[in-house]
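For reference, the structure discussed in these notes is given below.
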Amino acid sequence: MLNFILKRKILVSLVTVLIIILGGYSLTKLDQVLLPEVEFDQAYALISAGDMSAAEVERKITNPVEQGIQGIDGVEEVNSTTVIGQSSIYIMVESGRGDEVAGEISSVVQSATADVSGITEVLTDQIGTTQDYEFYLDLSDGDMDEMTDFAEDILEPRLENLNEVNDVALMGNQAYEVAIEFDRDAMMENAIDVSQVIAVIQDTNTEATLGQLTEEEAEPSLRWQSQLNSVEEVEQIQILTPTGFIDLEEVASVSMQPLASSTYVWKNGTKDFIFIQVGRSANTTQIELAEAVRAEIADIRDEGLVSEFELNEMVAQADYIEDSIDGVSKNIVIGGILAIVILLLFLRNIRATTIISISIPTSILLTFITMWILDYSFNILTLIGLGLGIGMMVDSAIVILESIYRKKEEGLEAAKAVIEGTKEVATAVIASMLTTIVVFLPMGIMGGEVGQFMILLSVVVATTLISSVIVSFTLIPTLAEKFLKLRKKQKKKDSKIVNGYGNIAAWIVKKKRNSFAVLFLFFILFVGSLFLIPKIPMNIMPDMLNRYSELFVDVEPGLSVEEREELAQSINDTLMEIEDVESNHLIDESGSYYVLINMTKGDDITREQDEVNDEILRSLRDLAEDTPIDSVQSMMSVSAGSSVQVQISGEDFDQLQTLAEEFGGELEKIDGIEAVTHSVERTSVEKVIQLNEDAIEDAGLTENQIKHFVQQAFLDMQVGEVMVNEDNIPLTLKWEDQTTSEDALLDLEVPTASGEEEPLSTFMELENVDIPNEISHHNGERYITISADTSGTDLGTVNREVQNLLDEFETPNGYVIDVAGDLEAQQELMQDMILILAISIFLVYLVMAVQFNHVAHPLIVMSVIPMTIVGVILGLFITQLELSVMSGMGVIMLIGIVLNNAILLIDRTNQLRRKGYPFIESISEAGKNRIRPIFMTTFTTTGGMLPLALASGTAGNYQGPMATAIISGLLFATLITLALIPAVYRIFHSIGNGFQRVFKKKKKEESKLEDLVG
């Protein structure tokens, strides 16, 4: 094969040119998004039901919907939370069936809720990474009516006309209603019933086809049009009374009023602004959306349409994508330059360095072509994969080029040097590539969304490595034959470092006690490093946003409009007191607040983002002590709840509440735990009507009449629309003096059959009943959630303390207590990581056992793995970076990288032993032959990772811990490998010789016995 490649240099050159052309083209076609568009095997149903109590929502909505969903084939788990006016149901679906089952869930939910009165909205969908809106604007510092007109008549239609825009949503725009407010006394005096007025208004404000004139030409239809077009026309509606017709204005006041409920969004504590959300259309990237919207807004400004108010851009996800791509691209370029400089220092040969410099971009472009074919995009995950892959990409090229270079130094003819040099390391290079790739294969077994992300990452890394190996076996030999020349045609002399290492390796393997001493020393290092693990910060995911934060503030249900307004002001005041917080936006999402926080940028920065985020969370959690805030969490959290969540399941609510209070008290004693609450400690008061049946009967009334009267007491309903200035304005009915208290309700006068009036208190009284604000189910079973937040302590430390408490806490029979939230996510993640690590190690062993055709040699190579962990622990401990998913991926990646060096050493040792070299000399000589490529690959990989480890901003937040783990683990493991591998090889060799002597002795004794018998 190598002979064919060397004889077809033109073919290799033309294919390389083709790769460069296609790679450049594919680079322009790869989409740029923040996260890959992935649909998870999960679905949700959100059902809103006005002010219906939690118990009634559970009975009428949650239970029937859950039963229907649990009967669907493919549904694995159903979790629900029921609060006042809302049922939230989350469904886990069998792997690979998300799309199919999500459709069935939607049908079941729609069917189960179709006939339930009181439901205002039903939303069902599959959970994924795509967001409805990804570009945010606001209008402020102007008259609300002018800003509303601009937003509705100019901005919204012009943005929606863009091909890149799918939808524009406005929040906070000023809306109005025409309110008819009845005077109770005037209605009573004129003996008018509300239902009578409703019928008259609806008949007056109508359009209808009354018939058809069939004998006329063209048979025209007869149309009735009496639509109301002004407040004055509403006031003049004729109402029939026992004494004749009167105008509506005689019994009610009619006015145009602003709708308070339409402005549940705040900017820096004020509602006097309009919040604009823009969503992209299909096949449009966030960057394309941002460019199109910004261009259109620039045109609007140029036309002079933005005046007397400000149009501000709040957040564009495209900016974070561009920051990430620019950051990683810059780091890759710097890493590549560092790798080339390191190569030049080792080989001190410009031509050799040039060959590597050509091979690296060729391999990268080949990777881009593959990504384009697979329809991948540039996103956070593929950029991480490229960063990892490019760090290792140069390894195979260096090993092959260094081997060819050494053969030329030994005086071999050019073509022979290429063939011999490549063949000598071919097995090691292929084995190294395969071991690194199989490390990533088990990542696909991780459950849920993390597993889907890991598969994507694995494919990108594998593609990068395979591309580099293909280039290393084709382009490098082709260029190395003629282009690679030595400075002087003289036989190579080993340096003092190389000879010195050869002597050290020979001393290690000379005697068994030397080898055991080295092994024991490294064992002590490994055990000692384990004691540092508790001192390393732990978390699930690092913050990926740059100078920007998104929070989810959960509040107690049942708050009034005034209480929500007051809470929003308190949150704003708290945030604006924090240094480096520039602005904040609050969106009221029925039971919670979605908070967008922008921090200072550029020269205005005075604090690190981590410090600002910590103070934001700490301040808002402190605010929860005096306000109706339930919990505060970052949107970057993996779970949808508080950092610490513990679930207690069982039958009896009273027993559950007792256990929750006892466990919560113990939980508060743990350092770093704060804001401990449980889901049923807060109850709402419901007033239940108790009828006086005798009084109702004596007054000649019925129970239904009393019910109808009470319903009318809280009149607030829309009966149509009024066309005002070409806008449809809602027409609503309400009382001038609204009923807002128990006394006001019971004092209302009820007309009886005799014509007299009696207070409502004569016929009914109200009884207080405590009802739960929140009811949680897991697969139909009720449970209580104990929630807490963490502060000043990493999640790993809290996890260990909570686990100890769980082990010690006793529960009655039939009651189960377990962790949930971020603790559960972290425990499951760690379990998955351990399983992946075990499978990866086995697959690595499998590949090497087949490659070496030996059972023991893979074990020698793999003895370096524990030393890798030592390096990672030391690196994270010294830098105090978090052990998270990202640094965990770095650890798994390291297994593949560090084994490459050990494979090189063992493979060369075996080659020399097959050539007849003595045992000690073969190890010494292999070490001298391989120390240069080992150092070169280690330092070039480290150089490639160094910019990522030192990066700041968006890229540094999530790539820093991973790169630090790789650098520290690789440097430590490389130094250890050079001493540990010879020691382990010596010990295995001695064990093998011992077995051979035993078998030979046994065979000799059997032979003597046969001779005696014979």
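The table for this structure:
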quantity: Whichever residue in the stretch 209-223 is exposed (fewer than 10 other Cβ atoms within 10 Å of the Cβ) and hydrophobic (A, V, I, L, M, F, W, C) and, among such residues, is nearest to residue 723 (Cα to Cα); calculated: 210
quantity: Tally, over the stretch 295-325, of residues that are exposed (fewer than 14 other Cβ atoms within 10 Å of the Cβ) and part of a helix (DSSP H, G or I); calculated: 5
quantity: Residue tally, condition over 30 Å from residue 232 (Cα atoms) and either not polar (S, T, N, Q) or not in a loop (DSSP other than H, G, I, E, B) (or both), over the stretch 721-779; calculated: 34
quantity: Single match in 48, 80 (criterion: surrounded by 22 or more Cβ atoms within 10 Å (Cβ to Cβ), under 27 Å from the mean Cα position of the chain (by Cα) and at pLDDT 85 or above); calculated: 80
quantity: Residues that are in contact with a strand residue (DSSP E or B) (Cβ under 8 Å, 6 or more places away or on another chain), surrounded by fewer than 18 Cβ atoms within 10 Å (Cβ to Cβ) and small (Gly, Ala, Ser), drawn from the stretch 550-591; calculated: 583, 590
quantity: Residue count, the stretch 697-718 (criterion: β-branched (Val, Ile, Thr) and either surrounded by fewer than 16 Cβ atoms within 10 Å (Cβ to Cβ) or part of a loop (DSSP other than H, G, I, E, B) (or both)); calculated: 1
quantity: So residue 364, is it at pLDDT 85 or above, more than 14 Å from residue 23 (Cβ to Cβ) and in the same structural domain as residue 399 (by TED's automatic domain parsing); calculated: no
quantity: Sole exception among (1) closer than 30 Å to residue 307 by Cα; (2) under 31 Å from the mean Cα position of the chain (by Cα); (3) modelled with pLDDT of 90 or more for residue 134, by number; calculated: (3)
quantity: Single unsatisfied condition, residue 381 versus (1) modelled with pLDDT of 85 or more; (2) in a helix (DSSP H, G or I); calculated: (1)
quantity: Qualifying residues in the stretch 120-155 (those that are without any contact (Cβ under 8 Å) to a residue 40 or more places away in the chain and within 16 Å of residue 296 (Cα to Cα)) - the one surrounded by the most Cβ atoms within 10 Å (Cβ to Cβ); calculated: 152
quantity: Selection count where residues are of a type in the set (Phe, Trp, Tyr) and surrounded by fewer than 19 Cβ atoms within 10 Å (Cβ to Cβ), scope the stretch 248-294; calculated: 0
quantity: Scope the stretch 842-875; condition part of a loop (DSSP other than H, G, I, E, B), within 20 Å of residue 891 (Cβ to Cβ) and of a type outside the set (Ser, Thr, Tyr); matching residues; calculated: 864
quantity: Residue, modelled with the lowest pLDDT, within the stretch 521-540, restricted to residues that are among the aliphatic types (A, V, I, L, M) and surrounded by fewer than 19 Cβ atoms within 10 Å (Cβ to Cβ); calculated: 533
quantity: Exclusive hit being among the hydroxyl-bearing types (Ser, Thr, Tyr), surrounded by 21 or more Cβ atoms within 10 Å (Cβ to Cβ) and modelled with pLDDT under 80, set 964, 941; calculated: 941
quantity: Failed condition for residue 855, given (1) over 15 Å from residue 967 (Cβ atoms); (2) surrounded by 21 or more Cβ atoms within 10 Å (Cβ to Cβ); (3) among the hydrophobic types (A, V, I, L, M, F, W, C); calculated: (2)
quantity: Unmet criterion (only one of (1) surrounded by fewer than 18 Cβ atoms within 10 Å (Cβ to Cβ); (2) more than 20 Å from the chain's Cα centre (by Cα); (3) over 30 Å from residue 473 (Cα atoms)) for residue 60; calculated: (1)
quantity: Qualifying residue in the stretch 636-645 (condition: farther than 25 Å from residue 53 by Cα, surrounded by fewer than 17 Cβ atoms within 10 Å (Cβ to Cβ) and at pLDDT 85 or above); calculated: no
quantity: Unmet criterion (only one of (1) surrounded by 18 or more Cβ atoms within 10 Å (Cβ to Cβ); (2) of a type in the set (S, T, N, Q); (3) out of contact with any helix residue (DSSP H, G or I) (no Cβ under 8 Å at 6 or more places or on another chain); (4) modelled with pLDDT under 85) for residue 174; calculated: (3)
quantity: Residue in the stretch 167-180 that is farther than 30 Å from residue 274 by Cα and in contact (Cβ under 8 Å) with a residue 12 or more places away in the chain present; calculated: no
quantity: Checking residue 96 against (1) touching a residue at least 12 places away in the same chain (Cβ under 8 Å); (2) on the phi < 0 side of the Ramachandran plot; (3) within 27 Å of the chain's Cα centre (by Cα), the condition it does not meet; calculated: (2)
quantity: Subset of the stretch 262-294 (residues that are part of a strand (DSSP E or B), at pLDDT below 85 and over 29 Å from the mean Cα position of the chain (by Cα)); calculated: 270
quantity: Residue in the stretch 374-384 that is within 28 Å of residue 318 (Cβ to Cβ), surrounded by fewer than 17 Cβ atoms within 10 Å (Cβ to Cβ) and free of Cβ contacts under 8 Å to residues at least 40 places away in the same chain present; calculated: yes
quantity: Residue ID - surrounded by the fewest Cβ atoms within 10 Å (Cβ to Cβ), chosen from residues in the stretch 352-367 that are over 10 Å from residue 401 (Cβ atoms) and not hydroxyl-bearing (Ser, Thr, Tyr); calculated: 361
quantity: Matching residues, the stretch 718-744, being of a type in the set (S, T, N, Q) and over 24 Å from residue 206 (Cα atoms); calculated: 738, 739, 740, 741
quantity: Condition check for residue 657: at pLDDT below 85 and crowded, with 20+ Cβ neighbours inside 10 Å; calculated: no
quantity: Positions within the stretch 321-338 being at pLDDT 75 or above and either in contact with a Gly (Cβ under 8 Å, 6 or more places away or on another chain) or hydroxyl-bearing (Ser, Thr, Tyr) (or both), in sequence order; calculated: 323, 338
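Here's the yes/no breakdown for (1) in the same structural domain as residue 482 (by TED's automatic domain parsing); (2) touching a helix residue (DSSP H, G or I) at 6+ places or on another chain (Cβ under 8 Å); (3) over 17 Å from residue 929 (Cβ atoms); (4) of a type in the set (Lys, Arg):
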{"site": "394", "(1), (2), (3), (4)": "yes, yes, yes, no"}
{"site": "397", "(1), (2), (3), (4)": "yes, yes, yes, no"}
{"site": "401", "(1), (2), (3), (4)": "yes, yes, no, no"}
{"site": "416", "(1), (2), (3), (4)": "yes, yes, yes, yes"}
{"site": "423", "(1), (2), (3), (4)": "yes, yes, no, yes"}
{"site": "426", "(1), (2), (3), (4)": "yes, yes, no, no"}
{"site": "429", "(1), (2), (3), (4)": "yes, yes, no, no"}
{"site": "432", "(1), (2), (3), (4)": "yes, yes, no, no"}
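The values are calculated or read from the model by the stated rules, or taken from the named source; none is laboratory data. What you see is a predicted model, and the numbers here were worked out from it, not measured in a lab. All Cβ positions, glycine included, derive from the backbone under ideal geometry; neighbour counts span all protein chains shown.
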